[in-house]
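One structure is given below, encoded as structure tokens.
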Amino acid sequence: MKARLRTVRLELAEPLRISRSTMTARDAVWLGVEHDGVTGYGEAVSSVYYGLDADTLVRLISSVGLERFADPDSALEALPSAAVPPAVTAAVESALLDLVGKQAGVPVHRLLGAQAPPVAATARTIGITSPTRAAAEARRLAASGFEVVKVKAGTPDPEDDIERVRVIRDAAPRVRLLLDPNGAWTTAQAAALLPRFAGLGVEAVEQPLAPGDPDALGALAEKSPLPVIADEDAVSLDDVRRLAGRVHGVNVKLAKCGGVRTALRIAELIEGSGTELMLGCLTASTLGIAPAVHLADRARWTDLDGHLLLAHDPWRGIGGDDGVVRTHARPGLGVEEVEAAHEDVA
């Protein structure tokens, strides 16, 4: 097999502010794996939180040594033992599954055991912003067909978060609301705030407490008036095993857990435990989001809007502009590159 890498800059349509940072762009590394004249693609994106910049991603993807494998099946079999971060495993697995699907003439969800093409209503994120802008964005999203809105929270003054959620609820009374403070609250703050957000119609809250104390998160979930979903505390399969039955949901991001096959193992692990699956993502192109869409029929909550936050998405194939993500009938991931990325950085 042959592998090639390209690094590009993905600019956001507007800055996305969360409790710990503000993001305006990400670097993405695109991996192409060619075998017998067919090429499969995967994407890994940079992350300050996980300490992965573009140069590091290129080095780590190269270290997998895909050229030493005779075919994609043997590479997939060996991939779990590769000593690389989960984001790298996920990107390499994506390219290999895309390749296998294209060679077999079937979409990836068929390779994963699902016959019907997955379709799901995706949440759309509204970052920390002014009430006026939040309300206007909520109205626009509702008019476009979005049924779920995720509101970022965790400002120094929690009353700002309360007001933002209130105006979004008023502007889009029929949408389902999710809340994500990205671990910004103390246990005391969460206990005081969650009943107020429940009163505003919030359906669930992601990672209200700082990661690192899953016991505290489980104790909070036990008393919470709305479902608590672990995100930063639910990175690996072992993390989820510790949290299963103690929180109401786990947010599985492929770049965080290591790809679709690990995500399926997590889904199997939590089945029947009272903990349900959320599919999340990082800000990425359609290429980076697509693998998770092939799992979307397995999740209670779907938050696969990373490609919708971009100023220009160089790939297409999963939709989402109408609030619904769906797999394409094309083999493999079902995506195709449609335009040059905004900026080539390597």
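The values are calculated or read from the model by the stated rules, or taken from the named source; none is laboratory data. Here the structure is a predicted model, which means the values were calculated and not measured. Glycine also receives a Cβ, built like all others from the backbone with ideal geometry; neighbour counts cover every protein chain displayed. Areas reflect the complete protein model, heavy atoms only, side chains present, ligands, DNA and RNA absent. Shrake-Rupley method; radii C 1.70, N 1.55, O 1.52, S 1.80 Å.
If you go through the stretch 277-330 and pick out every residue that is out of contact with any helix residue (DSSP H, G or I) (no Cβ under 6 Å at 6 or more places or on another chain) and under 15 Å from Ala28 (Cα atoms), you end up with 8. Filtered by the rule that a residue be part of a helix (DSSP H, G or I), of a type outside the set (A, V, I, L, M) and crowded, with 24+ Cβ neighbours inside 10 Å, the stretch 272-297 gives Thr286, Gly288, Pro291.
Restricting attention to the stretch 220-242, the residues that are in contact with a helix residue (DSSP H, G or I) (Cβ under 8 Å, 6 or more places away or on another chain), aliphatic (A, V, I, L, M), over 15 Å from Cys257 (Cα atoms) and not in a strand (DSSP E or B) add up to 2. Considering the stretch 258-271 alone, what residues qualify as being assigned to a helix (DSSP H, G or I) and either open to solvent by less than 20 Å² (accessible area, probe 1.4 Å) or closer than 21 Å to Val324 by Cα (or both)? Selection gives Val260, Ala263, Ile266, Ile270. Here the strands (runs of 3 or more DSSP E) wholly within the stretch 1-108 that include at least 2 residues being touching a His at 6+ places or on another chain (Cβ under 9 Å) are 2-17.
Across the stretch 72-111, the qualifying residues are those that are in contact (Cβ under 8 Å) with a residue 12 or more places away in the chain, charged (D, E, K, R) and open to solvent by 50 Å² or more (accessible area, probe 1.4 Å), and the one among them that is nearest to Asp36 (Cα to Cα) is Lys102. Here Ser19 meets each of (1) surrounded by fewer than 17 Cβ atoms within 10 Å (Cβ to Cβ); (2) over 22 Å from Val106 (Cβ atoms) with one exception, condition (1). Taking each residue of the stretch 203-223 that is open to solvent by less than 30 Å² (accessible area, probe 1.4 Å) and looking for partners that are acidic (Asp, Glu) with beta-carbon atoms closer than 6 Å, six or more apart or interchain, yields Glu206/Asp180; Glu206/Asp231; Gln207/Asp231; Gln207/Glu232; Leu217/Asp233.
A count restricted to the stretch 117-162 and to residues that are touching a His at 6+ places or on another chain (Cβ under 8 Å) and open to solvent by 10 Å² or more (accessible area, probe 1.4 Å) stands at 1. Could you list, in sequence order, all residues of the stretch 48-75 that are of a type in the set (Ser, Thr, Tyr) and either at pLDDT 95 or above or at positive phi (or both)? Passing the criteria: Thr56, Ser62, Ser63, Ser74. Candidates in the stretch 163-174 are the residues that are of a type outside the set (Gly, Ala, Ser) and open to solvent by less than 10 Å² (accessible area, probe 1.4 Å); of these, the one that is nearest to Ala219 (Cα to Cα) is Val165.
Of all residues in the stretch 1-44, those that are within 17 Å of the chain's Cα centre (by Cα) and without any contact (Cβ under 8 Å) to a residue 12 or more places away in the chain total 0. One residue stands out in the stretch 298-325 among those that are among the aliphatic types (A, V, I, L, M) and open to solvent by less than 40 Å² (accessible area, probe 1.4 Å): the one that is nearest to Glu268 (Cα to Cα), namely Ala299.
Return yes or no: is Gly154 modelled with pLDDT of 95 or more and not in a helix (DSSP H, G or I)? The answer is yes for Gly154.
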